[in-house]
Amino acid sequence: MVHGRRTRNRRCDSSHSRGFDFTGRMRALCDDVVQRLPELAHVRMEQVAVTWTQAKKPTSHGLQASLTPMRFRDGSLDGRIGRRRYTVQRIYDDRGVEYLYLLTFCLPRFLDLGFGEKLTTVLHELWHIGPLFDGDLRRHPGRCYAHTHSQREYDQEMKRMARQWLESSPPAALYDFLHLDFATLYRTQGRIGGVRLQRPKLIPLV
């Protein structure tokens, strides 16, 4: 019960068809990244849902990945958008653990990036997770709170962190699939899938 209005809690389906478990492999990759990089030590991957969505258009340009926070500013369960207040539909895994973030990859677009771009994209999204891990985004000073005042400097920092992770000698089996594009992975591994979740709904509060 939130502010007198009941919300529908959705549990994700962690099952997947035979083939390549993309979200499972991405989760293992991200789990290793946050364990090796001190800058991401605050991230608890058990409360980050890793999911995928299909690109609406077969183009190389557009959204490759996104991070959806499950809380408002400072980890609040509700917040104001325009003149109304909202809460966010809450999502749990099959053990009852609540997700605080949704990390979504857009296929096949993400897999058609170059290897370095894929790693940078992963770091880019993980870095958005707030340092308090309270369901809110990392907020930088100024109007461009998500990416700082310089997109170029932000991108360079993500590339540096990707190199730092690679230089720590993670097992190649964690990231070898990122060397393949979507078509090659499909041809060699079969169906590509895993956990798929819809974007949580904003629920207006009375």
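For the condition hydrophobic (A, V, I, L, M, F, W, C) and either modelled with pLDDT of 95 or more or within 22 Å of Gly19 (Cβ to Cβ) (or both), what is the one hit in Ala162, Ala146?
On the way: Ala146 fails: either modelled with pLDDT of 95 or more or within 22 Å of Gly19 (Cβ to Cβ) (or both).
Of the residues listed, the single one that is hydrophobic (A, V, I, L, M, F, W, C) and either modelled with pLDDT of 95 or more or within 22 Å of Gly19 (Cβ to Cβ) (or both) is Ala162.
The rows are residues; the columns are (1) out of contact with any helix residue (DSSP H, G or I) (no Cβ under 9 Å at 6 or more places or on another chain); (2) on the phi < 0 side of the Ramachandran plot.
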{"residue": "Arg71", "(1), (2)": "yes, yes"}
{"residue": "Ser76", "(1), (2)": "yes, yes"}
{"residue": "Gly79", "(1), (2)": "no, yes"}
{"residue": "Arg84", "(1), (2)": "yes, yes"}
{"residue": "Arg90", "(1), (2)": "yes, yes"}
{"residue": "Gly96", "(1), (2)": "yes, no"}
{"residue": "Leu103", "(1), (2)": "no, yes"}
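Summed over the stretch 167-206, residues that are assigned to a helix (DSSP H, G or I), in contact (Cβ under 8 Å) with a residue 12 or more places away in the chain, of a type in the set (A, V, I, L, M) and closer than 16 Å to Ala28 by Cβ total 3.
The condition of being over 20 Å from Pro204 (Cβ atoms), of a type outside the set (Lys, Arg) and surrounded by 15 or more Cβ atoms within 10 Å (Cβ to Cβ) does not hold for Thr68.
Restricting to the stretch 51-102, give me the number of residues that are over 17 Å from Leu132 (Cα atoms) and aliphatic (A, V, I, L, M). Reasoning before the result, please.
Within the stretch 51-102, the first condition is being over 17 Å from Leu132 (Cα atoms), and the residues that meet it are 51-66, 78-97.
With the extra rule that they be aliphatic (A, V, I, L, M), the set shrinks to 55, 63, 65, 81, 88, 91, 97.
Qualifying residue count, the stretch 51-102: 7.
Residues being under 15 Å from Thr120 (Cα atoms) and not polar (S, T, N, Q): count how many of those fall in the stretch 159-175.
Narrowing the stretch 159-175 to residues under 15 Å from Thr120 (Cα atoms): 159-167, 175.
In the following step, the residues that additionally are not polar (S, T, N, Q) were identified as 159-163, 165-167, 175.
Number satisfying all stated conditions: 9.
Taken together, Val195, Val122 contain a single residue that is buried (at least 18 other Cβ atoms within 10 Å of the Cβ) and either in contact with a His (Cβ under 6 Å, 6 or more places away or on another chain) or at pLDDT 95 or above (or both), which is Val122. The single condition from (1) modelled with pLDDT of 95 or more; (2) over 19 Å from the mean Cα position of the chain (by Cα) that Thr59 fails is (1).
Being modelled with pLDDT under 95, surrounded by 14 or more Cβ atoms within 10 Å (Cβ to Cβ) and of a type outside the set (Gly, Ala, Ser) holds for only one residue in Gln89, Gln151, and it is Gln89.
The values are calculated or read from the model by the stated rules, or taken from the named source; none is laboratory data. Every value quoted in this text rests on a predicted model; they were computed, and no experiment measured them. Using ideal geometry, Cβ is built from the backbone for each residue, glycine included, and neighbour counts are taken over all protein chains shown.
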